[in-house]
1. For the chain, what does the helix formula give at 222 nm: sum of -39500 (n - 2.57) over DSSP H segments with n ≥ 4, over the residue count, nearest 500 deg cm²/dmol?
2. Sequence gap of 8 or more, or different chains, plus Cα separation below 12 Å: how many lysine pairs satisfy both in the chain?
3. Show the residues, 5+ positions off or on another chain, whose built amide H is closer than 5 Å to the amide H of Ser51.
4. Report which label in [x] 0.94; [y] 1.22; [z] 0.98 holds the value of Rg/Rh (Cα atoms, Kirkwood Rh) derived from the coordinates of this structure.
5. Take each of the peptides 90-101, 57-68, average the number of other beta-carbon atoms within 10 Å over its residues, and list them starting from the highest.
6. Could you work out how far helix 13-22 tilts from the main Cα principal axis of the chain, as a 0 to 90 degree angle to the nearest 10?
Amino acid sequence: MEELSPIGLVDDEKIKKSYMDKFKIFLASDKNIEVYISKKHGGGAGKYKISNIDVNGQSIALSLDFKIGMFEAGTGAINQRILFFMVEPNCKIIKINITNKG
């Protein structure tokens, strides 16, 4: 698969829509979708877990832990993740912090 870009939160609506179309993410009429593209990770296994959510009015900051479990077999490939977050209307994710927990 080609390298995904840009890295981080995607602000450009055209790019967001292209990823939503490509991965067949359908938007509920009363929700917004925020898109995050990770840096490259070693190994094919692992997942993100939300560890903290800070809400300030209509602005949201997320903390995510990238975890590779003991029994998650992975390949040696270096890959990226694309995350789709559904948020309420008029809300926006403004920041995502990532920690690696191997």
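1. Details: 1 runs with 10 residues, N = 102.
Taking each H run of at least 4 residues, the total per residue is -3000 deg cm²/dmol.
2. Working: Lys16/Lys24; Lys31/Lys92; Lys47/Lys67; Lys47/Lys101; Lys49/Lys67; Lys49/Lys101; Lys67/Lys101.
Counting lysine pairs in the chain gives 7.
3. Here the answer is Ser63, Leu64, Asp65, since their amide H atoms fall under 5 Å of that of Ser51.
4. From the options [x] 0.94; [y] 1.22; [z] 0.98, the structure gives [z].
5. Numbers: 90-101: 13.2, 57-68: 15.2.
Those peptides, ordered most packed to least, come out 57-68, 90-101.
6. Its long axis makes an angle of about 50 degrees.
Since every read-out is calculated from the coordinates, none of them should be taken as a lab result. Computed from a predicted structure; not experimentally measured. In this analysis, Cβ positions are derived from the backbone assuming ideal geometry, glycine residues included, and neighbour counts consider all displayed protein chains.
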